[in-house]
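Notes follow once the structure below has been shown.
Just so it is clear, none of the values below were taken in a lab; they were calculated from the coordinates. All figures in this text were calculated on a predicted structure; none of them were measured in a lab. In this analysis, Cβ positions are derived from the backbone assuming ideal geometry, glycine residues included, and neighbour counts consider all displayed protein chains.
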Amino acid sequence: MPMIDRTPTGIPGLDEILGGGFPRGRVILLVGGPGTGKTILTSQFLINGIKIYGENGAFVSLDETKAHFIREMGLFSWKFDELEKAKKFAFINASPLRHMPGEVKIGRQAIGRKDFSILSLIEGIKTHAELINAKRIVVDHVTSLIFQYPEMVERRTAVLDLVDALVRTGATCLMTTELRAMGAVERAIQLEEYLAHGVIILSNAKVGKTYNRVLQVEKMRETPIDMQPRPYKISTNGIEVFPKETIFVD
Ligand SMILES: Nc1ncnc2c1ncn2[C@@H]1O[C@H](COP(=O)(O)OP(=O)(O)O)[C@@H](O)[C@H]1O
Ligand SMILES: [Mg+2]
């Protein structure tokens with residue numbers, strides 16, 4: 001098998017599970033409920049990229065403002081504000097796209113607010129990523145955007161457009177989503193997972209009376225994967241995965 005070019009995450013334990021890192025230039029979906037560490041993991045991927053591997057990174061947030069993000073990540077001593085000044089990092093606040101008002105006109109053509117959302121997002125990512133020559137891009141999180149497309153065909157097109165746009169940047173990309181509920185939306189979830197090149201799931205596993213954080217690689221193109229759920233911890237150093245352990249009790 002030819003060697004696959006990889007993008008190491010630098011997250012303790014994770015690269016071991018991934019056989020060295022994410023396949024370069026691919027789009028990986030990170031799925032997990034609120035509080036599972038999606039924002040921390042993706043930010044750690046970016047900070048390590050800049051500090052250890054000399055790769056610039058962009059964080060596209062559909063969830064929070066820049067001030068909030070910088071303050072929150074400051075708790076881990078990750079100084080994204082300084083890296084932004086040094087043009088190694090870009091923050092793109094895409095949160096207004098979650099609730100665009102009414103219909104929008106581009107040229108003489110009136111388009112629905114949904115199409116405008118995805119087009120604006122794609123345009124914003126392209127511009128900012130080029131500006132700093134980003135090799136790593138995070139989009140956190142696409143849940144509400146995807147929910148603007150209740151129709152399966154439209155949703156498929158929107159997600160495909162976004163994945164396509166990310167692939168065209170040449171960067172290794174992480175996209176997060178909070179979708180993983182049961183029932184009616186289940187089919188839609190499988191769609192996003194199917195369209196991404198890799199899927200990682202963050203969840204809580206109950207062992208006895210305690211809940212343990214577990215990370216599971218569900219799919220990863222060009223990578224022989226360890227599909228066991230592995231425990232992970234969040235501390236002031238960020239995320240650490242324990243690639244040799246099965247679920248443990250504290
Ligand atoms: N210093 C810390 N030590 C332990 N856990 C932390 C620390 N800082 C944040 N957390 C945990 O991280 C979680 C939030 O992570 P975050 O990446 O914002 O989640 P998500 O983006 O998936 O909603 C919370 O559950 C919180 O308990
Ligand atoms: Mg978050």
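Net charge in the neighbourhood of PHE69 (other residues with Cβ under 11 Å of its Cβ; Lys, Arg +1, Asp, Glu -1) is -4.
Other residues within the sphere of radius under 12 Å centred on the Cβ of PRO23, judged by their own Cβ, net out at +3 (K and R +1, D and E -1).
A cut-off under 9 angstrom between Cβ atoms defines the neighbours of TYR232, and their net charge, with Lys, Arg +1 and Asp, Glu -1, is +2.
Rg ratio for region 6-241: its Cα radius of gyration over 2.2 N^0.38 Å, N being its residue count, equals 0.99. DSSP bridge analysis restricted to region 6-241 gives an antiparallel fraction near 45%, rounded to the nearest 5. Taking 23 Å as the limit for the C-alpha separation, the pairs LYS51/LYS135; LYS87/LYS219; LYS206/LYS233 exceed it in the case of LYS87/LYS219. Between amide H atoms placed 1.01 Å from N, distances below 5 Å from ARG24 occur with ASP5, ARG6, THR7, all of them 5 or more places distant or on a separate chain.
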